[in-house]
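Since the structure comes first, as structure tokens, the remarks are kept for the end.
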Amino acid sequence: MSFAKFGKVSYVSETKLQEFETKLEAGKIMGTKCKKCGRLYFPPRADCDCMKGEMEWVELSGNCKLMTFTTLHFAPASFRYEVPYTLGVAQFEEGPTVLAPLSKELGEDEIKIGMSLKLVPVELMGGRMIYELKKLESQ
Amino acid sequence: MEDAQVTTNEIQASIVCSATHYDKQRTPAGVIAEYLGLNPQPTFNVEAVCASSGVGLRIGWSFISSGLHDTVAVVGFQKMTELSSAEVQEVMGRSGDVMWESPFGTTMPAYFALYAKSHMQKYGTTEEQLAKVAVKNHFYATKNPKAMFQEEITVEDVLKSRMIASPLKRYDCCANSDGAACIILASEDVARKVTDTPVWVAGLGLASSPMALTSRGPSYASFDCSVNAAKQAYGMARIKPKDVDIAEVHDCFTITEIINYEDLGFCERGRGGKLAEEGQTYLGSKIPVNIDGGLLAKGHPVGATGASQIRTLVKQLRGEAGETQVNGAEIGLAHNLGGIGMYCAVTILKT
């Protein structure tokens with residue numbers, strides 16, 4: 001099953017989590033939850049680390065708070081035309097965390113640790129799918 | 001080998017440590033053992049990214065303490081100049097989770113910058129305090145003929161240098177480099193036979209943290225694997241942080257050195273920036289740290305770094321460090337962090 005459309009550059013093409021990409025295309029941010037121990041995962045995992053449970057897909061609100069961020073001015077070869085770009089780690093209101101790019105509509109001086117953001121699916125040119133952290137009012 | 005007074009046929013196994021994804025040579029233990037004349041003895045590669053030779057030392061120690069071998073060579077090396085800086089960043093970006101993090105263009109400086117921003121927010125650490133670490137390590141590099149950078153820099157030089165991943169600037173980052181370092185480990189009997197000044201492994205710690213940043217938190221201001229590895233090493237050596245006379249800590253970035261001060265117990269949590277600002281990690285102050293130039297100014301040939309830290313400590317504990325000698329140094333600590341903080345090896349040496 002293909003996972004080749006996820007991310008600005010893909011390093012993984014096959015996964016048991018292919019459905020994540022399909023749901024992302026449908027506008028949904030999905031995590032997985034263990035039916036046995038109840039642990040919620042984002043990024044989603046196909047197996048719980050309790051090693052007992054079956055997993056189910058759960059939609060996340062996307063509402064989150066920024067924990068930390070950085071703006072890159074020097075990038076890997078495949079990202080050299082993208083600089084500067086900002087990456088952040090944010091915590092969902094449901095608990096798990098995500099590492100994601102911050103939308104370019106956010107100026108670096110507007111970005112503050114602790115600010116509320118929303119993780120939203122974004123389709124790039126060529127049909128690639130990513131998610132981005134956006135300002136709440138821009139929804 | 002000349003320094004250890006052993007010959008190649010006395011070395012019973014070699015452990016070759018490198019982050020093999022930088023190497024053009026596949027499975028480099030083969031060519032290195034051949035070149036050093038270490039065939040037909042056992043040889044193999046150990047990879048734990050930047051902590052490769054710290055981990056190699058632990059394996060060598062286990063070989064000797066199990067009685068399997070009496071003398072083992074731990075060879076750390078890296079040849080990074082075969083790749084361009086952007087290609088190296090591409091490889092390094094893949095030190096994070098390739099499924100969920102690398103697809104967004106992560107780099108090593110970016111990962112540590114995320115820690116820097118978090119530490120600054122939580123404890124009020126400043127860019128000037130980060131710069132002080134670079135200034136110190138460049139100062140000591142001028143006293144180490146084997147260091148890559150041989151010029152002193154100022155706080156202003158650091159602050160004005162090119163932004164790499166905010167708040168980390170060019171001088172907050174270590175340099176990719178080529179290099180090698182070798183540790184000869186021997187059993188007590190062999191060591192006493194070949195030298196009057198043996199240096200003993202008193203404590204070892206090795207721990208791991210989740211690779212994905214999203215599996216860490218809630219704040220990004222400490223490396224759990226460092227705290228855990230240090231606890232093990234201090235326990236085994238039966239010492240406390242204040243007993244350490246000289247430390248080599250993994251300063252891949254200035255922020256890392258500051259966090260390491262705290263994780264290793266050289267200061268209270270949150271006081272790492274202050275320790276740097278007050279110059280408390282210079283020779284002659286509270287605890288001399290990285291007075292060989294550290295990764296920032298000596299260079300960071302990934303697989304060689306852990307072994308190079310041990311070399312510095314051995315010189316110090318034997319009283320052979322010249323201008324940078326810590327008077328009466330008896331206990332040295334090496335802290336070797338792997339990748340984005342998922343492996344950490346702490347080694348305590350004693351005279």
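The values are calculated or read from the model by the stated rules, or taken from the named source; none is laboratory data. Just so we're clear, the structure is a prediction, and the values are computed from it rather than from any experiment. Here the Cβ positions follow ideal geometry from the backbone for every residue, glycine too, while neighbour counts run over all protein chains shown. In case anyone asks, the SASA skips ligands and DNA or RNA and just uses the protein heavy atoms, side chains included. Shrake-Rupley method; radii C 1.70, N 1.55, O 1.52, S 1.80 Å.
Looking at the stretch B:159-188, which of its residues are farther than 16 Å from B:Asn137 by Cα, of a type in the set (A, V, I, L, M, F, W, C) and within 15 Å of the chain's Cα centre (by Cα)?
Selection gives B:Ala180, B:Ala181, B:Cys182, B:Ile183.
Got at least one residue in the stretch A:15-29 being in contact with a Ser or Thr (Cβ under 7 Å, 6 or more places away or on another chain), among the aliphatic types (A, V, I, L, M), open to solvent by 10 Å² or more (accessible area, probe 1.4 Å) and within 13 Å of another protein chain (Cβ to nearest Cβ)? Working first, answer last.
Step one: filter the stretch A:15-29 for residues in contact with a Ser or Thr (Cβ under 7 Å, 6 or more places away or on another chain), giving A:18.
Pick out the ones that are also among the aliphatic types (A, V, I, L, M) and you get none.
Checking the stretch A:15-29: not a single residue is in contact with a Ser or Thr (Cβ under 7 Å, 6 or more places away or on another chain), among the aliphatic types (A, V, I, L, M), open to solvent by 10 Å² or more (accessible area, probe 1.4 Å) and within 13 Å of another protein chain (Cβ to nearest Cβ).
For (1) without any contact (Cβ under 8 Å) to a residue 24 or more places away in the chain; (2) surrounded by 19 or more Cβ atoms within 10 Å (Cβ to Cβ); (3) within 9 Å of another protein chain (Cβ to nearest Cβ); (4) over 17 Å from A:Leu99 (Cβ atoms), each residue gets a yes or a no:
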{"residue": "B:Gln78", "(1), (2), (3), (4)": "no, yes, no, yes"}
{"residue": "B:Ser85", "(1), (2), (3), (4)": "no, no, yes, yes"}
{"residue": "B:Asp97", "(1), (2), (3), (4)": "no, yes, yes, no"}
{"residue": "B:Phe104", "(1), (2), (3), (4)": "yes, yes, yes, no"}
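Looking at the stretch B:1-12, which of the residues that are surrounded by fewer than 22 Cβ atoms within 10 Å (Cβ to Cβ) and of a type outside the set (S, T, N, Q) is farthest from B:Glu188 (Cα to Cα)?
Among residues in the stretch B:1-12 that are surrounded by fewer than 22 Cβ atoms within 10 Å (Cβ to Cβ) and of a type outside the set (S, T, N, Q), the one farthest from B:Glu188 (Cα to Cα) is B:Glu2.
Which one of the conditions (1) of a type in the set (A, V, I, L, M); (2) within 11 Å of B:Leu337 (Cβ to Cβ); (3) within 14 Å of another protein chain (Cβ to nearest Cβ) does B:Val249 fail to meet, given that it meets all the rest?
So B:Val249 meets the others, but not (3).
Does B:Tyr220 count as buried (at least 21 other Cβ atoms within 10 Å of the Cβ) and within 14 Å of another protein chain (Cβ to nearest Cβ)?
So B:Tyr220 fits the description; yes.
The rows are residues; the columns are (1) in contact (Cβ under 8 Å) with a residue 40 or more places away in the chain; (2) part of a loop (DSSP other than H, G, I, E, B).
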residue	(1), (2)
B:Gly265	no, yes
B:Leu275	no, no
B:Lys286	no, yes
B:Ile291	yes, yes
B:Gln316	yes, no
B:Val326	yes, yes
B:Leu333	yes, no
B:Ile340	yes, yes
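Here are some residues: B:Ala345, B:Ala276, B:Ala329, B:Ala297. Which one is within 10 Å of the chain's Cα centre (by Cα) and either of a type in the set (A, V, I, L, M) or not assigned by TED's automatic domain parsing to the domain that holds B:Leu114 (or both)?
Working: B:Ala276 fails: within 10 Å of the chain's Cα centre (by Cα); B:Ala329 fails: within 10 Å of the chain's Cα centre (by Cα); B:Ala297 fails: within 10 Å of the chain's Cα centre (by Cα).
Selected residue: B:Ala345, the only one of B:Ala345, B:Ala276, B:Ala329, B:Ala297 that is within 10 Å of the chain's Cα centre (by Cα) and either of a type in the set (A, V, I, L, M) or not assigned by TED's automatic domain parsing to the domain that holds B:Leu114 (or both).
Residues checked against (1) farther than 20 Å from B:Ser85 by Cβ; (2) assigned by TED's automatic domain parsing to the domain that holds B:Ser52; (3) polar (S, T, N, Q); (4) touching a Phe, Trp or Tyr at 6+ places or on another chain (Cβ under 7 Å):
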residue: B:Leu130; (1), (2), (3), (4): yes, no, no, no
residue: B:Val133; (1), (2), (3), (4): yes, no, no, no
residue: B:Val155; (1), (2), (3), (4): yes, no, no, no
residue: B:Ile164; (1), (2), (3), (4): no, no, no, yes
residue: B:Leu168; (1), (2), (3), (4): no, no, no, yes
residue: B:Ala180; (1), (2), (3), (4): yes, no, no, yes
residue: B:Leu185; (1), (2), (3), (4): yes, no, no, yes
residue: B:Glu188; (1), (2), (3), (4): yes, no, no, no
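How many residues are in contact with a Gly (Cβ under 7 Å, 6 or more places away or on another chain) and either assigned to a strand (DSSP E or B) or open to solvent by 50 Å² or more (accessible area, probe 1.4 Å) (or both) when one looks only at the stretch B:17-68?
The total comes to 4.
Output the number of the condition that B:Thr71 fails; it satisfies all remaining conditions of (1) more than 9 Å from chain A (Cβ to nearest Cβ); (2) open to solvent by 20 Å² or more (accessible area, probe 1.4 Å); (3) among the β-branched types (Val, Ile, Thr).
(2)
Return yes or no: is B:Tyr111 under 23 Å from A:Lys8 (Cβ atoms), at pLDDT 95 or above and among the aromatic types (Phe, Trp, Tyr)?
yes
Restricting to the stretch A:71-87, and then to whatever is hydroxyl-bearing (Ser, Thr, Tyr) and within 8 Å of chain B (Cβ to nearest Cβ), can you tell me which residue is nearest to the chain's Cα centre (by Cα)?
A:Tyr85
So in the stretch A:88-110, with the set limited to residues that are within 19 Å of B:Lys122 (Cβ to Cβ) and surrounded by 20 or more Cβ atoms within 10 Å (Cβ to Cβ), which one is farthest from the other protein chains (Cβ to nearest Cβ)?
Pass one, the stretch A:88-110, residues within 19 Å of B:Lys122 (Cβ to Cβ): A:88-91, A:97, A:99.
Filter again for surrounded by 20 or more Cβ atoms within 10 Å (Cβ to Cβ), leaving A:88-90, A:97, A:99.
Numbers: A:Gly88: 8, A:Val89: 6, A:Ala90: 9, A:Thr97: 4, A:Leu99: 5 Å.
My answer is A:Ala90.
Can we say B:Thr125 is farther than 15 Å from B:Ile340 by Cα and outside any helix (DSSP H, G or I)?
yes
Among the listed residues B:Thr312, B:Thr281, B:Thr351, which satisfies the condition of being of a type outside the set (Asp, Glu) and under 20 Å from B:Ala221 (Cβ atoms)?
B:Thr281
Looking for something facing another protein chain (nearest Cβ under 7 Å), polar (S, T, N, Q) and touching a strand residue (DSSP E or B) at 6+ places or on another chain (Cβ under 7 Å) - is there at least one such residue anywhere in the stretch B:107-119?
Within the stretch B:107-119, one or more residues are facing another protein chain (nearest Cβ under 7 Å), polar (S, T, N, Q) and touching a strand residue (DSSP E or B) at 6+ places or on another chain (Cβ under 7 Å).
Looking for something open to solvent by less than 30 Å² (accessible area, probe 1.4 Å), within 14 Å of chain A (Cβ to nearest Cβ) and under 22 Å from B:Thr305 (Cβ atoms) - is there at least one such residue anywhere in the stretch B:175-189?
So far as the stretch B:175-189 goes, yes, one or more of its residues are open to solvent by less than 30 Å² (accessible area, probe 1.4 Å), within 14 Å of chain A (Cβ to nearest Cβ) and under 22 Å from B:Thr305 (Cβ atoms).
Output the number of the condition that B:Leu159 fails; it satisfies all remaining conditions of (1) more than 14 Å from every other protein chain (Cβ to nearest Cβ); (2) in a helix (DSSP H, G or I); (3) over 18 Å from B:Ile258 (Cβ atoms).
(3)
Would the stretch A:43-54 turn up any residue that is closer than 16 Å to A:Gly95 by Cβ, touching a helix residue (DSSP H, G or I) at 6+ places or on another chain (Cβ under 6 Å) and within 12 Å of another protein chain (Cβ to nearest Cβ)?
yes
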